[in-house]
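The values are calculated or read from the model by the stated rules, or taken from the named source; none is laboratory data. Computed from a predicted structure; not experimentally measured. Every residue, glycine as well, gets a Cβ built from its backbone with ideal geometry; the counts of neighbours run over all protein chains shown.
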Amino acid sequence: MDFGGGDEIRFERLGRAGVVTLTRPQALNAVTHRMIKALGKALRSWERDEGVDVVVVKAEGRAFSAGGDILHIYEAGRAGNPPVEFFADEYRLNAYIARFKKPYVALIDGIVMGGGVGISFHGSHRVMTENAQFAMPEVGIGFFPDVGASHLLPDLGGSFGMYLALTGNRIRYGDALWSGLATHTIKAEDQASFLDRLALTGDPESVLRGFFVSAKRETDRPILEAISRHFAQPSLPDLIDSLDRAGNDEFATGTLATIRTRSPTSLRVAWRQISAGQTLSMDDCMRMEFRILNRMLAGHDFYEGIRAAIIDKGSKPQWRPAAIDAVSEADVEAYFAPLGDRELEL
């Protein structure tokens, strides 16, 4: 089936299932504009198709999707043509997946980050194997946790979502299951059988009952309690002060060291974004994120972060401002200001 994705994304009808496969394994299935548009077309077609009971999204290779194609974004932005329309279409797709009327099963066997999260974790069933790893590492490249993270992360108990947003740390499938990010976990070796059964029945709930294997949480209770205590502080400076006052506590020391490597602007924006998302609908979260995005693409830290991570691999980014207390409330407020006639239309 051809929805315009070329060799980057494949669409098939297998029995009662519409199956999407990301086919850029050499690029860790980084999401492109072409893939976004093709997936949107497929979903609209399959939502109307009475022969399709369930949609499955999976990927080739060792990663589900390591995010968006940030090198392309960097080059376009540096050339004075930041790809705002790519993000607009991506955010519209994220919002559409969240309200998709049929079961939407993301089968995640490998790394899932950034843009990969946007096309998987807003669906009804997030199924992870023991090979899966989840992260939203954007603050480490001067960006912010987008693709609906402001809707997804606040729902996690014990301030775990704020912890993931501000550190960018990776978690495995057990933490994802117990935090609520994943809805089910299965064995990697069972994926083909799971897909065959799903194609036959079109009923993910009944099929998952036969394949579900519970995963233990990887993060132990004392660390979860520390996350809840520190990341529930009423402001970002209070959070940093809380970690700092913990003294020689290994978790607090390591977490504070991680946070201090992140973009101060990104941290301040992410703090407010995740806090605000607690009371916003998915659509309103996407509108908020689009406002932030436009300011990030016009700023300094995003391009500096990609330069340090991708262009001059391993170099230290020079953030502007370089300290959290140098980012004013007015600076943060500007990221959330209305865009006038450029607001995201959903």
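When residue 149 is tested against the conditions (1) in contact (Cβ under 8 Å) with a residue 60 or more places away in the chain; (2) surrounded by 24 or more Cβ atoms within 10 Å (Cβ to Cβ); (3) under 24 Å from residue 205 (Cβ atoms), the lone failure is (3). Screening the candidates 42, 95 for the property of being part of a helix (DSSP H, G or I), free of Cβ contacts under 8 Å to residues at least 60 places away in the same chain, surrounded by 18 or more Cβ atoms within 10 Å (Cβ to Cβ) and small (Gly, Ala, Ser) yields one hit, 42. Scanning region 69-92 turns up at least one residue that is modelled with pLDDT under 95, in contact with a strand residue (DSSP E or B) (Cβ under 8 Å, 6 or more places away or on another chain) and over 30 Å from residue 212 (Cα atoms). Filtering region 219-251 to residues that are charged (D, E, K, R) and either within 26 Å of residue 273 (Cβ to Cβ) or buried (at least 17 other Cβ atoms within 10 Å of the Cβ) (or both) leaves 225, 229, 238, 241, 244, 245. Quick check: is even one residue across region 320-328 modelled with pLDDT of 95 or more, over 24 Å from residue 169 (Cα atoms) and not in a helix (DSSP H, G or I)? Scanning region 320-328, I find at least one residue that is modelled with pLDDT of 95 or more, over 24 Å from residue 169 (Cα atoms) and not in a helix (DSSP H, G or I), so the answer is yes.
Residue pairs whose Cβ atoms lie under 6 Å apart, sitting 6 or more positions apart in sequence or on different chains, and linking a residue in region 66-84 that is free of Cβ contacts under 8 Å to residues at least 60 places away in the same chain and part of a loop (DSSP other than H, G, I, E, B) to a partner that is crowded, with 20+ Cβ neighbours inside 10 Å and of a type in the set (Ser, Thr, Tyr), are 69/32.
Give me the pairs, please: first residue somewhere in region 1-15 and without any contact (Cβ under 8 Å) to a residue 24 or more places away in the chain and within 12 Å of residue 57 (Cα to Cα), second residue anywhere and small (Gly, Ala, Ser) and in a strand (DSSP E or B), beta-carbon distance under 8 Å, and either six or more positions apart or on two chains. Within 8 Å, the pairs are 12/18.
Restricted to region 189-286, the set of helices (runs of 4 or more DSSP H) holding at least 1 residues that are more than 30 Å from residue 343 (Cα to Cα) and among the aliphatic types (A, V, I, L, M) comprises 191-201, 204-211, 221-231, 236-244, 250-259.
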